[in-house]
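All remarks here apply to the structure that follows.
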Amino acid sequence: MTKVEIKVENIVASATLGKSVDLPQVAPALEGVEYNLEQFPGLVYKLKEPKTAALIFGSGKLVCTGAKSIDDSKKAIHIAVDKMRTLDPDIPHEFEIKVQNIVASANLDKTLNLEAVALDLENTEYEPEQFPGLVYRLGEPKVVLLLFGSGKVVCTGAKTIADAQLGVEKTKERLSELDLL
């Protein structure tokens, strides 16, 4: 089976500081921050480098989205926390960062008959009136793939890039076994 090239589109990572954060106090340390409690219960801090957004909550939880690599998501969280620490020196230096979700795309380079795939492939949902893609749930690795008639694939729910890669490759293999590719 040929290796399918995947492209990481987005990584969502979170960190818990283990201490509550006084958002009105730390907001001034962050340039270009959006803070409107009526609209959203946290700060939205957009970074230019790496191009990401960090959502910062009063509970001390941070969520970083938009990164294209795990290193960039970790770097963005550290940048946000270091800036917040300039106004709140009690923010811990040690905290755990967890990857919550990796979204990757790939191309199987063949068109798919999604009706046939829906009939033959297990664990699928296909309702073309509601969404043009077919939803395929894998058990191992635990990921969800969106398959499109064009042969394009989106993998979501992965916790590692290797799982996203494996999910796409297993799907291609399964489609080949069923003569659907």
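The values are calculated or read from the model by the stated rules, or taken from the named source; none is laboratory data. No experiment lies behind these values; they were computed from the predicted model shown. Methodologically, a virtual Cβ is constructed for each residue, glycine included, from the backbone with ideal geometry; neighbour enumeration extends over all protein chains shown.
Overview of values
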read-out: Residues of the range 134-181 classified as of a type in the set (V, I, T) and in contact with a Gly (Cβ under 7 Å, 6 or more places away or on another chain), total; value: 2
read-out: Residue match in the range 109-130 (condition: closer than 26 Å to I11 by Cα and of a type in the set (A, V, I, L, M, F, W, C)); value: no
read-out: Some residue of the range 34-54 being more than 21 Å from the chain's Cα centre (by Cα) and in contact (Cβ under 8 Å) with a residue 40 or more places away in the chain; value: no
read-out: Scope the range 1-27; condition assigned to a helix (DSSP H, G or I) and surrounded by 12 or more Cβ atoms within 10 Å (Cβ to Cβ); matching residues; value: L23, V26, A27
read-out: Residue tally, condition more than 23 Å from A164 (Cα to Cα), in a strand (DSSP E or B) and not acidic (D, E), over the range 28-53; value: 8
read-out: Among the residues listed as I102, I91, the single one being at pLDDT 95 or above and hydrophobic (A, V, I, L, M, F, W, C); value: I102
read-out: From V99, V63, V144, residue being aliphatic (A, V, I, L, M) and either loosely packed, with under 13 Cβ neighbours inside 10 Å or more than 30 Å from K19 (Cα to Cα) (or both); value: V144
read-out: Any chance S105 is of a type outside the set (A, V, I, L, M, F, W, C), farther than 30 Å from L178 by Cβ and surrounded by 12 or more Cβ atoms within 10 Å (Cβ to Cβ); value: no
read-out: Scan of the range 58-102 for residues that are in contact with a helix residue (DSSP H, G or I) (Cβ under 8 Å, 6 or more places away or on another chain) and hydrophobic (A, V, I, L, M, F, W, C), ordered by number; value: L62, C64, A67, I70, M84, L87, I91, F95, I97, V99, I102
read-out: Contacts under 6 angstrom Cβ, first residue in the range 1-18 being under 22 Å from R174 (Cα atoms), partner at pLDDT 95 or above and among the polar types (S, T, N, Q), 6 or more apart; value: I6/Q165; K7/S105
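Yes/no per residue for (1) modelled with pLDDT of 95 or more; (2) farther than 20 Å from I70 by Cβ; (3) surrounded by fewer than 17 Cβ atoms within 10 Å (Cβ to Cβ); (4) not small (G, A, S):
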| site | (1), (2), (3), (4) |
| --- | --- |
| V135 | yes, yes, yes, yes |
| G151 | yes, yes, yes, no |
| A158 | yes, no, no, no |
| A162 | yes, no, yes, no |
| S176 | yes, yes, yes, no |
